[in-house]
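The structure appears right after this line, and notes come after that.
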Amino acid sequence: MIVEQYVRVLILVILAIAFPLLPLAGSYLFSKINYRPANSNEIKSSIYECGVEAADITWRQFNAKYFLYALGFVIFDVEVIFLFPWAVIHTEQAFSILIKVAIFVIVLAFGLFYAWRWRALEWQQ
Amino acid sequence: MATEDTYELNIGPQHPSTHGVFRIKVAMNGETIEDLDMIVGYLHRSMEKLSEERTFTQNIPFTDRADYLAAMSNNLGYCLAIEKIADVIPPQRATVLRVIFAELQRIASHAMANGTLVSDAGAWQTPLMYMFREREKILDLFEMTCGARLTTNYMRIGGVAFEPPDEFYAQLNSLLGELPDRVDEYMEMLSENEIFIARTKNVGIITPEDAINASLSGPALRGSGVPWDLRKAEPYCGYEDYDFEIPVGNIGDSYDRFMVRLFEVKESVKIIKQALNILPKGMHKTQIPLALRPEPDQVYFRTEGPRGELGYFVITDGGPAPYRMHIRAPSFINLSLLKKLATGSSLPDAVVTLGSIDIVVGEIDR
Amino acid sequence: MIEVNIYNAAFLLFSMITLLSAIGVAVINSLMRSLFLLIISFIGVASLFVLLSADFIAIAQLLIYAGSISILLLFAVMLTPEVSINNQNSKYFLFAALTGILFTYIMFLFISIFDINQLTGLSLDKLNFSNTIDKIGTLLLGKYIIAFELASILLLFALIGAISIVRSNESDFNIVATKIKGKK
Amino acid sequence: MIKKFFSNTLFIKLSIGFATLIFLFAGYFISKLLFDLSVFSEFIFNFFLERFSYNLAYLASSIIGALGIISFVGLVLLIGSWVERRVIARFQIRVGPNRVGPFGLLQPLADAIKLMQKEVLVPDIADKLLFLIPPVAIFLPAILAWGPIPWGPNMSYLDINVGILYVFAVSSLTVPIIFFAGWSSMNHYALLGSMRTVAMMVSYEIPVSLSLLSVALVTGTLNFNEIVMWQSNNSIWLGLFIPFALFTFFFASTAEINRTPNDIAEAESEIVAGYHIEYSGMKAGLFMAVELGNAVLLGALISSLFLNGWFLFGIENLVPPYIIFITKTVFIYLLLIWLRATFPRFRLDQLMNFAWKTLIPASIIHFFVVAIEVSIISNFSEIPYLIVLFTVINISLVVLLAYLWGKIFHVQQYQPEKIQPRFAASIGGLEAMKEVSSID
């Protein structure tokens, strides 16, 4: 029964959400008993930039470089997901299966090589 | 400063790696620093102006607070300048004691500088703590001699304030015995550490021409391979009698500056050992008039502090206080090259470069 | 009629989570928030797969969609300069909504063919799947080997395409400056 | 006389020794009694099964198991922070926390109370909704990943056939959560930190998955229990059979969980605190706690995947298996602390280059080699000690490659015999420099 095991995951999810909420609730209670100051002001609630007013608005744009890395990550993630079923049945199979997988991986390794060749892997800060 | 591509970011005044309240306004593109502006003055205490209102002796505590990591060296520079202008000759014992304390201070300061550099490179404070171990012992020696650890106020015009107690020498000898081993330990731990090399090698390279053009001094200059040390070039306090060498770096990167400091610690140990051998008996201080009134004159006296050329420019008008005093602070001048070094480099590299230049904000702002 | 049992209740719960967060993705103005809801919706889909006893597919859904595609989308959103915080409703909203409704209608047509109890995994669970990954592996390298190899070529083309796009348009991606004030 | 006897140090030593003996005996008997903690959940299960339905019994026993995991994680967070601080203090010639409670053991509790007292500040310009979710949500991967880990013969909470992938998938959820934490703060440093985190974690997830693929290749399963049993049946630790996978997994995981030397996401000397810079009070505490929990989780994963889990040369029959498992976990955790106390951190570009240009190609080649080896082993199973032979070959290959790599790259890039400063022969600035040096 597969689903039965995942009921346990659900229980764990619920407990995992409850777990950090406990200290947060404690923190909330401290604010309720007037023990700690709760007088936020403009300076307190401004963002931290080493003690002076923020020089610029928050940068909200990435370099396209990051996108390439993320794409490479997605591609290799998908590849690995394809390879795991093979890995599980590999011990029962003959050598011939290795060649099929080798083609699969070599095609992708060529992608990596291509990226390397075109300096897509050069990380520029 | 910020252009279309870049955004402005404040590094400092309250930042873990600016070594004090010092602010760098950078224009960043991603993690690359495109442009930067250094803003100093957060620790300004108007030291030079205040010293015009105090007598020459009263000014000594100010010098402690200029470079608070190397108070002895600052005391020494100031006292030598005033002695030159007032024609006071300190006794021989005082001179040798001054050499001992100045070199101890150099070791303590270099330990601090190298420790914080490694922390800037990302070590979780362990090398810093190791180097603080030696620094603590030196500060203990200071404490037993003059009662203070950081702001020592030990040198006087015409000598030193106190005679070191008897147990001082035993402790100093045991410290000198273990220091070279410690330095070797650091070299083993850091200078052959792949990660540390990767972080500091070829980072923040100062060419010799740049170093000279920007008037750098101290380890920042010697790291670039320029052999220039005032202890050899313009000896004072009898440094010409001591046998020591000047380590210089190869290409002037952060790693070289780090290594130069480590080697200088070894050389300082050699100097202190020789000084202890030739330490004469006698007075530790000459009597000078309570209110020293030198003739109207002006003098610029420079010594080799831990961070470089520490100069005191004093003008007297015959009164009991300097008419004008200016401190040539090595940190301030060494810092001037940061803009060139950091522009175009990444933020982590800039932090390591700043750490390797070794600034003390108290000295920059005075 | 829908049987009242724990599977159907779970199915309803997870499909509600999936659907509501998916609707949220469409209507919320802040792109980052809708991305967050999108991840929740992916997780909801993964839990629906679990109900179908397809745990490998569920994990793959979680890993590829919630773990990697969302990162890709994060970077895609970060490339858009101004819309990330205040995304105005598009003028194509009506058209998009109509398409969505049409698609939903088609889906309902398909679903109405099946008994809903079969969709919730109850029937599949009675088959007692114990291990799905072995079967997937055997099929992938046996019967569907062509698809398996073609997948690698597809992935390769995606990588090469991305490299060439980024390389040719590198400057275009960088020039858009961001000069929006915060909410302050 | 009596008073003197009691004040005698010998008496104190004797009583300490006696107490230790009693403690050991009691520990032995308790460990015999609690040899298998699954008796609790079995008891609950049977108790409910007799009175109510199967479903309820299953639910109740599952909740007991989940509570066990949660309480273990909570305990780890409390003791772990003390251990980390004390051990690092020892590395740094300090004492560490020693004021609150015996040996400072109550320090984490005091810290927690202090953090709770603190005022919760939310930046004005933050995206408040997304700002509040990450500190809670980041616990999900950290705790869910504990599910399939086997603690003992009957003690694994989740017995699923996709165990490894489950852990991998669940922990990949950390990346967007951290990104949201950094982005919603609307702070430059936080955004830099989350950008770094995402770029680095994304890059290092591939080596992690490739090393896990090698594990799956060798054992032919993704189930944690079966992986541990495979190692026991073949009487070989996977960490010895495929040492490169162990290294890859360990190094890449330190990047995943932001531990030194790869802790660039919260490099305090560069970007102050990274993605959680704006979080104050208990919320910051939660981020720190989850980091620590992840470190222990890494220990648990390594000890079950590569170090044979709860097996230890037959000792598992004498000592409760979960004690052995926890010991191995703590060992890895101490290794992580050691690393943290020793190394500076890498730069982002160095880490990225290492991931994409060294680790990923090497991992791809490595899992091919492993696949060939596994094929040979399974096709020629009549030859004895084949697995031992390959173990020796693998270890020697890794050692050889590491030696060559260090030799070639180290010498080429850094030239250790030349990096030490020279000593100047004469003093006199640039002119003298040109005389004594080759640079001009």
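The values are calculated or read from the model by the stated rules, or taken from the named source; none is laboratory data. Predicted, not measured: the structure shown is a model, and the values here were computed from it. Every residue, glycine among them, receives a Cβ derived from its backbone with ideal geometry; neighbour counts consider all protein chains shown. Areas reflect the complete protein model, heavy atoms only, side chains present, ligands, DNA and RNA absent. Shrake-Rupley method; radii C 1.70, N 1.55, O 1.52, S 1.80 Å.
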Net charge near B:Q298: determine it from the other residues with C-beta under 12 Å of the C-beta of B:Q298, scoring Lys and Arg +1 and Asp and Glu -1.
-1
Number of partner chain Cβ atoms within 10 Å, mean per residue of D:258-265
2
If you scale each eigenvalue of the Cα gyration tensor by 5 and take the root, what three semi-axes come out for segment D:220-370, rounded to whole angstrom and sorted largest first?
31, 22, 12
Give or take rounding to whole Å, what are the principal axis extents of the alpha carbon atoms in segment B:243-366, in descending order?
56, 39, 19
Once accessible area is computed for A alone, C alone and the pair with a 1.4 Å probe, the total buried surface, to the nearest 100 Å², works out to 5100
By average Cβ neighbour count within 10 Å, what is the ranking of C:53-63, D:49-59 from highest down?
C:53-63, D:49-59
Signed unit charges on C-beta, dipole axis of the protein assembly as shown, positive-most listed residue A:I89, D:F224, C:M78:
D:F224
Taking placed amide H atoms and a strict 5 Å upper bound, the residues 5 or more places from B:L36 or on another chain that come that close are B:A27
Could you tell me which of rounded, prolate or oblate describes chain B, using a ≥ b ≥ c as the square roots of the eigenvalues of the alpha-carbon gyration tensor, with rounded for a/c under 1.5 and, failing that, prolate when a/b is larger than b/c and oblate otherwise?
oblate
Taking chain B and dividing mean pair separation by its residue count, relative contact order in percent (alpha carbons under 8 Å, at least six apart):
26
Inter-chain shielding of A:37-43 (mean C-beta neighbours from other protein chains, 10 Å cut-off)
2
Interchain or sequence-distant (5+) residues whose placed amide H lies within less than 5 Å of the amide H of B:R324 are B:I315
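Taking a probe of 1.4 Å, how large is the accessible area per residue of segment D:19-87, in Å²?
Numbers: 4310 Å² over 69 residues.
Normalised by residue count, the accessible surface of segment D:19-87 is 63 Å².
In deg cm²/dmol and to the nearest 500, what is the mean residue ellipticity at 222 nm of the protein assembly as shown if only DSSP H runs of at least 4 residues count, each as -39500 (n - 2.57), divided by the residue total? Before the final figure, lay out the partial values.
Working: 48 runs with 683 residues, N = 1115.
Computed ellipticity for the protein assembly as shown at 222 nm equals -20000 deg cm²/dmol.
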Among D:P361, D:P148, D:P135, the residue with the largest mean-square fluctuation in a Gaussian network model of chain D built from Cα contacts under 10 Å is D:P361
Mind checking which of D:K13, D:K32, D:K118 has the largest fluctuation in a GNM of chain D, springs on alpha carbons under 10 Å?
D:K13
Choice from D:L21, D:L339, D:L129 with maximal GNM fluctuation in chain D (Cα, 10 Å cutoff):
D:L21
Which of the listed residues, B:V88, B:L337, B:Q274, is farthest toward the dipole's positive end in chain B, when Lys, Arg count +1 and Asp, Glu count -1 at the beta-carbon?
B:V88
Unit-weight point scatterers at every alpha-carbon of segment C:1-79, Debye formula, q = 0.15, 0.19, 0.20, 0.26 1/Å: log10 I(q)/I(0) is -0.56, -0.80, -0.86, -1.15
Give the long-range amide H neighbours of D:D124: residues separated by 5 or more places, or on another chain, with amide H under 5 Å away, using H modelled in the peptide plane at 1.01 Å from N.
A:S46, A:I47
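Using a 1.4 Å probe, what is the accessible area per residue for segment D:203-337, in Å²? Show your work: numbers first, answer last.
On the way: 3130 Å² over 135 residues.
Per-residue accessible area for segment D:203-337 comes out at 23 Å².
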Mind listing the phi-derived Karplus ³J(HN,Hα) values for segment D:38-53, rounded to whole Hz, using 6.51, -1.76 and 1.60 with θ = phi - 60°, and x for any glycine or proline?
6, 4, 4, 5, 5, 4, 4, 4, 5, 4, 6, 5, 5, 9, 10, 8
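How big is the convex hull of the Cα atoms of segment D:324-385, per residue, in Å³?
Per residue, the Cα convex hull of segment D:324-385 comes to 137 Å³.
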Taking the simple approach of a point 7 Å from Cα along Cα-to-Cβ for both C:A147 and D:T20, what is their distance in nm?
6.5
Need the C-alpha centroid separation for segment C:27-47 versus segment B:60-86, integer Å.
65
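For the protein assembly as shown, which whole-number percentage of the solvent-accessible area (1.4 Å probe, protein heavy atoms only) is attributable to carbon and sulfur atoms? Don't skip to the end; give the middle numbers.
Numbers: 30930 of 46270 Å².
Whole-percent figure for carbon plus sulfur exposure: 67.
Suppose all protein chains stay in the model; what accessible area per residue would a 1.4 Å probe give for segment B:1-143, in Å²?
Values: 4260 Å² over 143 residues.
Value returned for segment B:1-143: 30 Å² of accessible area per residue.
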Which ³J(HN,Hα) values in Hz, rounded to whole numbers, follow from the phi angles of segment D:231-241 under the Karplus curve 6.51 cos²θ - 1.76 cosθ + 1.60, where θ = phi - 60° and Gly and Pro get x?
4, 6, 5, 8, 6, 8, 7, 4, x, 7, 5
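Do me a favour and compute the ellipsoid semi-axes for chain D from its Cα gyration tensor, root of five times each eigenvalue, largest one first, whole Å. Intermediate results must be reported in sequence, preceding the final value.
Working: eigenvalues 310, 209, 156 Å².
So the equivalent ellipsoid measures 39, 32, 28 Å along its semi-axes.
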Could you derive backbone 3J(HN,Hα) for segment D:78-83 from the dihedral phi with the Karplus parameters 6.51, -1.76 and 1.60 (θ = phi - 60°), listing whole Hz in sequence and x where the residue is Gly or Pro?
6, 6, x, 5, 5, 4
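Determine Rg/Rh for the protein assembly as shown; Rg is computed over alpha-carbon atoms and Rh is the Kirkwood hydrodynamic estimate from the same atoms.
Working: Rg = 33.6 Å, Rh = 33.0 Å.
A ratio of 1.02.
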For segment A:2-117, build the charge dipole from Cβ charges (+1 Lys, Arg; -1 Asp, Glu) around the Cα centre, then report which of A:N39, A:V74, A:L98 sits farthest towards its positive end.
A:N39
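Hey, got the dipole for chain D? About the Cα centre, +1 on K and R Cβ, -1 on D and E Cβ, debye to the nearest 20? Walk me through the intermediate numbers first.
On the way: 25 positive and 26 negative charges, 306 e Å.
In debye, rounded to 20, chain D gives about 1460.
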Magnitude of the Cβ-charge dipole of chain B, K/R +1 and D/E -1, about the Cα centre, nearest 20 debye?
980
Roughly how many debye, to the nearest 20, is the charge dipole of segment D:188-271 about its Cα centre, given +1 on each Lys and Arg Cβ, -1 on each Asp and Glu Cβ, and no other charges?
220
